[in-house]
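*Asks:* Please read through the structure below; I'll follow up with questions.
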Amino acid sequence: MPLMATLQFPFGPSIWNMRPCAIRMDSLSAHPTTYCGTRTSVLDMSKIKNHLLTRTLGVLAGVWLCSSLAITTVAWLVATARGTFGLAMLIACLFGLCGLAATLWLIDRRLLVPLRRLADHVRFEHDFGGTPREIPFDLSSRTDAEGLLARQLQKLIEASRNHNAALLEQTLNDPLTGLGNRRMLEKRLDILVPLSRRLSCTVSAMMIDVDHFKPFNDNYGHLAGDSCLVDIAGVLRDTFRRDTDVVVRLGGEEFLVLLINTGKEEAWALADAMRGMIQALGLPHEYSPVAPVVTVSVGVVTSPNGLLIDIDEMITYADQALYDCKAHGRNRVAARLIGADETSAEPIAAAEPTAQTSSG
Ligand SMILES: Nc1nc2c(ncn2[C@@H]2O[C@H](COP(=O)(O)OP(=O)(O)OP(=O)(O)O)[C@@H](O)[C@H]2O)c(=O)[nH]1
């Protein structure tokens, strides 16, 4: 509000173009911690506002005083010389108007035009999806209050960009394992679903569940459980490395992998290899009836030829395949195939684990 008040002089249409800038700068300082994250910047902003106000009023008063003195002198001289008071007053008024117009023009060129350009820049930068742009050099290199304002705004914009990027990172990642989370999955699906449809390619999803994780947690402790989840996430990251592979932790001890252009045999083979690698980690789990080490069960579902319509549907089918795994003793891979008629998803088989020999 203070800066807004500073700029509300009736100087013609260009003044009204300043409104967005005034509001934006005002809102920056009104929410310092959420927008720029520093209180120092707010102090600087208020200094700038005071500086601008003092300077504008100073320029106005100076120009007005000088022109009034000049006008009065000229009027007095003319009236004395010609003895015609009316003519003298007319000339004085003309001079006065010219002085006023010159003052307004100067203020517009020196103060308002740069501020208007700054407002345009801030408006552009406010769209954080855009490519970052430096503030125009002729503005930021100025040594006066406008230059200071430009540099401060650039700092605020950069701080805000970094802050937003960090927040985005946090909202898309699982803090424990560093894998993506459900929101990341949704974001990637926005790209992958249309792509798989356009290319009419197969899509496979895997639901991975740690076998008997509750007794592991209960007996070895929550920290050991966390460390186990991190190790499993590492295997997933190493196994599914293509740019289009999506690996997320859905929550708890459940992970989801989405593979574009991957048929059922390939998905099955990958899932089984990954299952073997997790078993080969050899994380002791003496409370598991399946094996003396940590193992996983994997439900795989494949949608042929871009039939992936809805991720929730894929997850439901993958869950059913996972249920098949559990019904057959865990530490294995089971797969389902979504046919043209998606309601008749049929189980392909529940694969005997190739690396199950050690599990007994
Ligand atoms: N350490 C740790 N444990 C978690 C986390 N999230 C969930 N859990 C634990 O994971 C366990 C999940 O237990 P259940 O859902 O019963 O699964 P389960 O024991 O693996 O049983 P099955 O899946 O049928 O083999 C619970 O003990 C949760 O407390 C986490 O972030 N860290």
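The values are calculated or read from the model by the stated rules, or taken from the named source; none is laboratory data. The model shown is predicted, which means the values in this text are computed figures rather than measured ones. Positions of Cβ are generated from backbone atoms using ideal geometry, with glycine treated the same way; all protein chains shown enter the neighbour counts. Surface areas here come from the heavy atoms of the whole protein model, side chains and all, with no ligands, DNA or RNA. Shrake-Rupley method; radii C 1.70, N 1.55, O 1.52, S 1.80 Å.
*Asks:* Across the range 175-202, what is the number of residues that are among the charged types (D, E, K, R), out of contact with any helix residue (DSSP H, G or I) (no Cβ under 7 Å at 6 or more places or on another chain) and away from the ligand (no atom under 16 Å from the Cβ)?
*Replies:* 4
Quick grid of which residues meet (1) surrounded by fewer than 15 Cβ atoms within 10 Å (Cβ to Cβ); (2) of a type outside the set (A, V, I, L, M, F, W, C); (3) over 28 Å from residue 153 (Cα atoms):
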{"position": "55", "(1), (2), (3)": "no, yes, no"}
{"position": "68", "(1), (2), (3)": "yes, yes, yes"}
{"position": "71", "(1), (2), (3)": "no, no, yes"}
{"position": "77", "(1), (2), (3)": "yes, no, yes"}
{"position": "97", "(1), (2), (3)": "yes, no, yes"}
{"position": "101", "(1), (2), (3)": "yes, no, yes"}
{"position": "111", "(1), (2), (3)": "no, no, no"}
{"position": "114", "(1), (2), (3)": "no, yes, no"}
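*Asks:* So, in the range 221-265, exactly how many residues are without any contact (Cβ under 8 Å) to a residue 24 or more places away in the chain and farther than 30 Å from residue 287 by Cβ?
*Replies:* Number of matching residues: 5.
*Asks:* For residue 171, are the conditions met, namely being more than 16 Å from the ligand (Cβ to nearest atom), surrounded by fewer than 14 Cβ atoms within 10 Å (Cβ to Cβ), at pLDDT 85 or above and within 28 Å of residue 301 (Cα to Cα)?
*Replies:* Spelling it out, residue 171 is indeed more than 16 Å from the ligand (Cβ to nearest atom), surrounded by fewer than 14 Cβ atoms within 10 Å (Cβ to Cβ), at pLDDT 85 or above and within 28 Å of residue 301 (Cα to Cα).
*Asks:* Need at least 1 residues that are among the hydroxyl-bearing types (Ser, Thr, Tyr) per element, so show me which helices (runs of 4 or more DSSP H) inside the range 170-285 make the cut, counting only ones lying wholly within it.
*Replies:* 182-199, 213-220, 222-239
*Asks:* Go through 270, 283, 259, 229 for me and flag whichever is within 25 Å of residue 173 (Cβ to Cβ), more than 12 Å from the ligand (Cβ to nearest atom) and within 29 Å of the chain's Cα centre (by Cα).
*Replies:* Answer to the check: 259.
*Asks:* Here is a follow-up. Taking the range 203-219, which residues are more than 9 Å from the ligand (Cβ to nearest atom) and either on the phi > 0 side of the Ramachandran plot or surrounded by fewer than 22 Cβ atoms within 10 Å (Cβ to Cβ) (or both)?
*Replies:* Answer for the range 203-219, where residues must be more than 9 Å from the ligand (Cβ to nearest atom) and either on the phi > 0 side of the Ramachandran plot or surrounded by fewer than 22 Cβ atoms within 10 Å (Cβ to Cβ) (or both): just 219.
*Asks:* Inside the range 232-256, can you point out the residues that are open to solvent by 50 Å² or more (accessible area, probe 1.4 Å), within 9 Å of the ligand (Cβ to nearest atom) and in contact with a Leu (Cβ under 8 Å, 6 or more places away or on another chain)? Reasoning before the result, please.
*Replies:* In the first step, residues of the range 232-256 are kept if they are open to solvent by 50 Å² or more (accessible area, probe 1.4 Å); the result is 237-238, 241-243, 254.
Still in the running and within 9 Å of the ligand (Cβ to nearest atom): 254.
The answer is none; no residue qualifies.
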